[in-house]
Amino acid sequence: NYSLGKKVSGYVLWLCFTLLVFSSLIKLGLWQSQRAEEKEQRLTRISQYSLQEAQPLTKVLLLQQQGLDINDMPVSLHGQFEPNALFFLDNQVDKGRLGYRVYQVLLLEQGAVLVNLGWVPGSVNRLVLPEIMPIVGNLSLTGNIRKLEPGVILMEQQLPPRLLKANEWPLRVQQIEPDKFSPLIAQQLLPFVVYLDKNEVIGYKKNWQAVVMPPQKHRAYAFQWFSLAAAFLVLMIWASIHHNNNSKNNTLQGH
């Protein structure tokens, strides 16, 4: 009875392990397939938006209130750049060279918004920030709404807990967080950023891509995960059959 119970317990553990790993691999494959579908839908939406005129921010915000997804929507803005409110997003690579994305606060009638002005190269000495001239004056410009996607955070970003003085700018940051930036400028930032249109003359190197990893790559990853799941299942079935045959042979030899 003890031997039988031990044998059944071993089979249960074997089955649980097999199902756990197999289901995890399948979930990863399904997740990559879902990401591919989302990327395709977004690329289609961006293609449709490229044929449309930029809408005033007031209209875009109204559409958002009505429940429309405004991500990637072309928008026209008129406001005044805050010369001191410059954010340098760290660890931004362009053709193998490390640098920063420059964000500057644009003051609007509706509040304030962060505008992505482009990429600038960084120094080998990470304590030295790029020296750039902030954009000043009242300007009309166009760009695209970009909702902020949560990235991988190794540790929470530490920001000053107060309004920054003029001599404390620009500020190097590891992640764009409008809700946490608002107290630093004494203005409520809108919960998205505007990527400056590549045809605008102001700004720096506009090297951004709305979709970095194409749907085809996600599907390739999904295929890999599904293949691993199938291979693992076949391996475990083979191992189970092999183990059963060895057990039967050992039992026969014992008799």
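Would you pick out the residues in segment 38-63 that are assigned to a helix (DSSP H, G or I), open to solvent by less than 70 Å² (accessible area, probe 1.4 Å) and of a type outside the set (A, V, I, L, M)?
Scanning segment 38-63 gives Lys39, Arg42, Arg45, Ser47, Tyr49.
Which numbered condition trips up Phe17, out of (1) of a type in the set (Phe, Trp, Tyr); (2) under 30 Å from Ser182 (Cα atoms); (3) out of contact with any strand residue (DSSP E or B) (no Cβ under 8 Å at 6 or more places or on another chain)?
(2)
Quick check, is Leu117 open to solvent by 40 Å² or more (accessible area, probe 1.4 Å), among the hydrophobic types (A, V, I, L, M, F, W, C), within 26 Å of Lys59 (Cα to Cα) and modelled with pLDDT of 90 or more?
no
In segment 95-114, is there at least one residue being within 16 Å of Leu189 (Cα to Cα), surrounded by 16 or more Cβ atoms within 10 Å (Cβ to Cβ) and either free of Cβ contacts under 8 Å to residues at least 12 places away in the same chain or of a type in the set (Phe, Trp, Tyr) (or both)?
Among the residues of segment 95-114, at least one is within 16 Å of Leu189 (Cα to Cα), surrounded by 16 or more Cβ atoms within 10 Å (Cβ to Cβ) and either free of Cβ contacts under 8 Å to residues at least 12 places away in the same chain or of a type in the set (Phe, Trp, Tyr) (or both), which makes the answer yes.
State all residues of segment 121-140 that are under 22 Å from Leu196 (Cα atoms), aliphatic (A, V, I, L, M) and open to solvent by 100 Å² or more (accessible area, probe 1.4 Å); if no residue qualifies, say none.
Selection gives Met133 alone.
How many residues, within segment 105-148, are in a strand (DSSP E or B) and within 12 Å of Gly79 (Cα to Cα)?
14
The values are calculated or read from the model by the stated rules, or taken from the named source; none is laboratory data. Predicted model, so just to flag it, every value in this text is computed and none were measured. Note that each Cβ is placed from the backbone with ideal geometry, even for glycine, and that neighbours are counted across all protein chains shown. Side chains included, ligands, DNA and RNA excluded: accessible areas come from the protein's heavy atoms. Shrake-Rupley method; radii C 1.70, N 1.55, O 1.52, S 1.80 Å.
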